[in-house]
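Take a look at the structure below.
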Amino acid sequence: MTNSRFYFLLGISTLIAIIAAGICHYLLPLDYALPLTIGALVGLLLLSVGIFFVSKRTAVAENKYLFGNAFMGITTLKLFLCGGSLAAYILLGNPENKLFVVPFFLIYLVYTVLEVLVLVKLAAAAK
């Protein structure tokens, strides 16, 4: 996968995530959770770029296990960062209701689908 193709897919995914989060904030009483939504969007966007470059580099490495290890490590890191962000927001932000997870998980889902597509294409190209 080329860099330009990745950035094109990243742009489409970001647009989908922004629209989905915007609809959630329009339909649900989530004005208090706007910083969490924006933070999740920016954080997962940057994490996706980092995952792409690490995966692209490890996909062509001589050690064929390096790609799988990088994938597992990145996935674990992403889960801990997202879970930690939600836990910190619940404990420190004292949200009015639990609806703030809806846009967060929609954004998470969009970027996870993007990462799976990119990783599958990188793994197939490395063979």
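The values are calculated or read from the model by the stated rules, or taken from the named source; none is laboratory data. It should be emphasised that the depicted structure is a prediction, and the values quoted were computed from it without experimental measurement. Note that each Cβ is placed from the backbone with ideal geometry, even for glycine, and that neighbours are counted across all protein chains shown. Accessible surface areas use protein heavy atoms only, side chains included; no ligands, DNA or RNA. Shrake-Rupley method; radii C 1.70, N 1.55, O 1.52, S 1.80 Å.
A few notes on this one:
- Evaluated over the chain, the Cα radius of gyration and Dmax, each in Å: 16.1, 51
- Charge dipole (the chain, unit charges on Cβ, about Cα centre) - positive-most of I38, P103, L9: L9
- In a simple Cβ point-charge model (Lys, Arg +1; Asp, Glu -1; nothing else charged), the chain has a dipole of about 520 debye relative to its Cα centre.
- A 1.4 Å probe, protein heavy atoms only, puts the accessible area of T2 near 80 Å².
- Convex hull of Cα atoms in region 1-72, direction-averaged projection (nm²): 5.6 nm²
- In terms of accessible area, using a 1.4 Å probe and ignoring ligands and nucleic acids, F100, F71 rank largest first as F71, F100.
- For the pair L81 and L27, a Förster radius of 35 Å applied to the C-beta separation gives a FRET efficiency near 0.80, rounded to the nearest 0.05.
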